[in-house]
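Only the coordinates and a few stated rules stand behind these numbers; no lab work does. What you are looking at is a predicted structure, and each value in this text was computed from that prediction instead of being measured. Note that we place each Cβ from the backbone using ideal geometry, even for glycine, and neighbour counts take in every protein chain shown.
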Ligand SMILES: Cc1cc2nc3c(=O)[nH]c(=O)nc-3n(C[C@H](O)[C@H](O)[C@H](O)COP(=O)(O)OP(=O)(O)OC[C@H]3O[C@@H](n4cnc5c(N)ncnc54)[C@H](O)[C@@H]3O)c2cc1C
C-alpha cells in the first residue's frame, strides 16, 4: 500500500496548479487538487481572459469610428455594457467547465474547498485530511489597497469586470499594467476616465519610450492623466464620490478603482505549521526549481517570488512535473520573457529596456521608428506606432524589442524566439519582411539614435 494518498497534492486550481497537476497525472502520478473559488484561477475567471474580452469589446468603438472613413455607414449603432458583461460571463463559465473537465479527464482528483497545511505531508480540505508525498502551493494572489479614509468605497479589478453599468466617470488609481488596461477599456467605451498615479510616468519597469508613448496615446484619446498625484481620502458625494488629493485638489467619480498592487495568498493556509519560508513581502521563497526550504513542498506562480504572468506560472508548474515525474530536469529560463499591456493600442516588449541595457555598462546602439500606421492614413486617427530595438554594440546581439501599436503583443512572441536564439541586428536586417505590415519595420530599422537620443520625427505610412 502507498505511504501517502497522493504523489502530488496541489493547493489552488489556477494557471499554475491546473497545468502542473495535469502534466504530473499524464506521467501516471496520483494527483489531487483543491480549489476554494472558481476553477481556472485569476487568469481565466478575473484576469487575462475576461479583461481581454473587454478590451476586444472596447476596440469596436475605434473600429466603428474608423470604418466611416473606409466607406461604412453605420448610423444608429449603440453600445450596451450589460450585453458585453453577459457575453464575457458566458465565455468564462464555458472555460471553467473546460478546466474542470481537462483535470478530471487527466485522472486528477478534484476536491472543492480551501486547502490548509496541517504538517509537511498533510493537507486539510473541508474537514477531510489528505496526505501527499509532494505538495504544490499554487494559491496565486489578490488585490491590495492602501489604508486611507474612504477606501471601503473603492473597487478592484475583480469588481471592475462585473460592474452592473458602465460608469460615466471613473477614477483609476495606479500606474500598473492593470490600471492602464482598465483605463483603456473604460475610456474607449465612453467613460470620462482619470488615471491617477504617484510617479512621473505609467508602467514602471517598461522602456522609457514605451511609457511615454502610452501616455501620449492616452492624452490624444482624451484620457486625463494625473502624474505625481496621491489620494488622501475618498468621500461619498450626492452623486458618486469625491477624491481629495494630497496636494489639495479634488476629483469626482461614479466609480473609483484601485490597481495599486497585489499580494500573495499565503496567509492562514498553515505555511508556518509546515515550515515553509516566506520572503519579507510574504511570498513563498523558492529556488530556480520552485523548491522551498522544506523538501517536497514547492510553489509556483503569483504566490512565489517569481514573475507574475500566466505563461510563467504554467511553465514553472509543468517544469516541476517534468522534474518530479518524468525524470526530465527542467526549469524556467527567465531571460527574454515577452510581456504585453493590452492598452488601446497595446504594448509588446521582450528583453532589456534601454535603461537596463545601459546599466550593464557595455555600449549599446538604439534604433527607433515612429510612424502613423497605414490604416490610420485613411482613418485619420492621430495615433503613432512606436518601435525600438536595443542592440549590444560589441556582439551585435539584439537585447530588447519594444513596441506600442496595433498587434504589438502578437508580434512580440516571434521576436522572443529570435532573442532566445541569440539573434543579431545583422540577422534582423537579413530577414525579409511581410509587406505591408507594421512588423516589417523591426527588420528595416537602419539609423542609430544618436546618444543619448530623442525619438526621431514620425514618418507617414511606414507600411505604405
Ligand atoms: C486583472 C488582471 C489581468 C491580468 N492579465 C494578464 C495577462 O494579460 N497576461 C498574463 O500573463 N497575466 C495576466 N495576469 C496575471 C495572471 O492572472 C497571473 O499571473 C496568473 O493567474 C497566476 O497563476 P497562479 O496559478 O499563480 O494563480 P491563480 O491563477 O491566481 O490561481 C490561484 C488559485 O488558487 C485558489 N486558492 C487560493 N488559496 C487557496 C486555498 N487555500 N485552497 C484552495 N484554493 C486556493 C484561488 O481561488 C485561485 O483559483 C492578470 C492578472 C489580473 C489580476
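Taking every DSSP beta bridge that has both residues in the chain, what percent is antiparallel when rounded to the nearest 5?
Close to 60 percent.
According to the Kirkwood expression over distinct Cα-Cα pairs, how big is the hydrodynamic radius of region 1-128, in Å?
17.3 Å
With an 8 Å cut-off on Cα pairs and a minimum separation of 6 or more residues, tell me the relative contact order of region 1-159 in percent.
36 percent
Could you sort the peptides 217-227, 167-177, 429-439 by per-residue average Cβ neighbour count (10 Å cutoff), highest mean leading?
Ranking the peptides 217-227, 167-177, 429-439 by packing returns 167-177, 217-227, 429-439.
Give me the three principal axis extents of region 339-460 from the C-alpha atoms, as integers in angstrom, largest value leading.
The Cα atoms of region 339-460 stretch 43, 28, 27 Å along their principal axes.
Could you sort 133-139, 375-381 so that the peptide with the highest average Cβ count within 10 Å comes first and the rest follow in order?
133-139, 375-381
For the residues 315, 130, what sequence is obtained by ranking on other C-beta atoms within 10 Å, fewest first?
Fewest-to-most ranking of 315, 130: 130, 315.
Only counting other Cβ atoms within 10 Å, I'd like 39, 81 sorted with the fewest neighbours first.
If I rank by nearby Cβ atoms, fewest first, I get 81, 39.
Cα centroid distance between region 106-184 and region 47-96, in Å?
26 Å
What number do you get for region 85-138 when its Cα radius of gyration is normalised by 2.2 N^0.38 Å, N = residues?
1.48
Show that you can apply the helix-only estimate: for the chain, add -39,500 (n - 2.57) for every DSSP H stretch of four or more residues, divide by all residues, and state [θ] at 222 nm to the nearest 500.
About -9000 deg cm²/dmol.
Could you list 230, 165, 181 so that the one with the fewest beta carbons within 10 Å of its beta carbon is first and the one with the most is last?
Ordered from fewest to most neighbouring Cβ atoms within 10 Å, 230, 165, 181 come out as 165, 230, 181.
Determine Rg/Rh for region 299-397; Rg is computed over alpha-carbon atoms and Rh is the Kirkwood hydrodynamic estimate from the same atoms.
Rounded to two decimals, Rg over Rh is 1.11.
Report Rg(Cα)/(2.2 N^0.38 Å) for the chain, keeping two decimals.
That ratio works out to 1.05.
Take the alpha carbon atoms of region 338-408, find their center, do the same for region 191-253, and report the distance between the two centers in whole angstrom.
24 Å
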